[in-house]
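Reviewing the structure listed below.
The values are calculated or read from the model by the stated rules, or taken from the named source; none is laboratory data. Since the structure is predicted, the reported quantities are computational estimates derived from the model, not experimental observations. As a convention, Cβ positions derive from the backbone with ideal geometry for all residues, glycine included, and neighbour counts pool all protein chains shown. Keep in mind that these areas ignore ligands, DNA and RNA; they rest on the heavy atoms of the full protein, side chains included. Shrake-Rupley method; radii C 1.70, N 1.55, O 1.52, S 1.80 Å.
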Amino acid sequence: MKYLQISFVLFTFVTLLASCGSEPVELPDHEWKVTEVTGSSATKETMENLSLIFKEGQEIGGFAGCNDYRGGATYNREQIKFSTLYADNESCDDSGLEKRFLSNLESSVSYTYNAGKLILYDEGGNILVEMEKI
C-alpha cells in the first residue's frame, strides 16, 4: 500500500513539473512582434515595430527598426540558432535598437513559448528578446 502512495505522489510531481515547461508551438505558423529587447531603452511603441518571420527552408526575416533583415535559423522544440543576419543600409534614429535586436537574435540559443509569448535566451539563461504572436 505504501508503494502505491509513493508512486502516486511521484507521478503527480512529475506531471506537475512537466506542465510547467514551454508549450509546443510551430514557429513558422506565426509572425512575431517584439515586446522587449534586453539592453535597449526604446519605448514599447517603437519595439512593437520590430518583427520576426520564420519562412520556408529555415529562412527568417522581418523588420529591425530601420531596415528589413534576413538570414537563417535552425531550431527544435527548445533550442534555436540564428545565422549571421543581414539588414539593408538605410540609416535612422533607432540604429542602436536595430543593432541590439539583431545582436540579441544572433546570441540566442534557446527559447520558451507560453501563453502566446516567445522568449529567447542566451547560453546563461538570460532573456534576450520577448515577442508575441501577431
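In the set (1) modelled with pLDDT under 80; (2) within 17 Å of the chain's Cα centre (by Cα), the condition left unmet by residue 12 is number (2).
So, residue 80, is that one more than 23 Å from residue 126 (Cβ to Cβ), of a type outside the set (Asp, Glu), modelled with pLDDT of 90 or more and within 13 Å of the chain's Cα centre (by Cα) or not? For residue 80, the condition - more than 23 Å from residue 126 (Cβ to Cβ), of a type outside the set (Asp, Glu), modelled with pLDDT of 90 or more and within 13 Å of the chain's Cα centre (by Cα) - is not met.
Does residue 60 meet the test of being hydrophobic (A, V, I, L, M, F, W, C), open to solvent by less than 20 Å² (accessible area, probe 1.4 Å), in contact with a strand residue (DSSP E or B) (Cβ under 6 Å, 6 or more places away or on another chain) and closer than 25 Å to residue 114 by Cα? Answer is yes for this residue. The single condition from (1) outside any loop (DSSP other than H, G, I, E, B); (2) open to solvent by less than 70 Å² (accessible area, probe 1.4 Å); (3) without any contact (Cβ under 8 Å) to a residue 40 or more places away in the chain that residue 45 fails is (2). Residues in the stretch 118-134 that are open to solvent by 20 Å² or more (accessible area, probe 1.4 Å) and under 8 Å from the mean Cα position of the chain (by Cα): 3 in all.
What do you reckon, is residue 77 closer than 15 Å to residue 131 by Cβ, among the basic types (Lys, Arg) and open to solvent by 50 Å² or more (accessible area, probe 1.4 Å)? No: the conditions fail for residue 77. Scanning the stretch 82-95 for residues that are of a type outside the set (Ser, Thr, Tyr) and surrounded by 15 or more Cβ atoms within 10 Å (Cβ to Cβ) returns 82, 85, 87, 94. Filtering the stretch 48-93 to residues that are outside any loop (DSSP other than H, G, I, E, B) and small (Gly, Ala, Ser) leaves 51, 57, 61, 62, 71, 72, 73, 87. Residues that are in a loop (DSSP other than H, G, I, E, B), closer than 13 Å to residue 79 by Cβ and polar (S, T, N, Q) within the stretch 94-134 comprise just one, 108.
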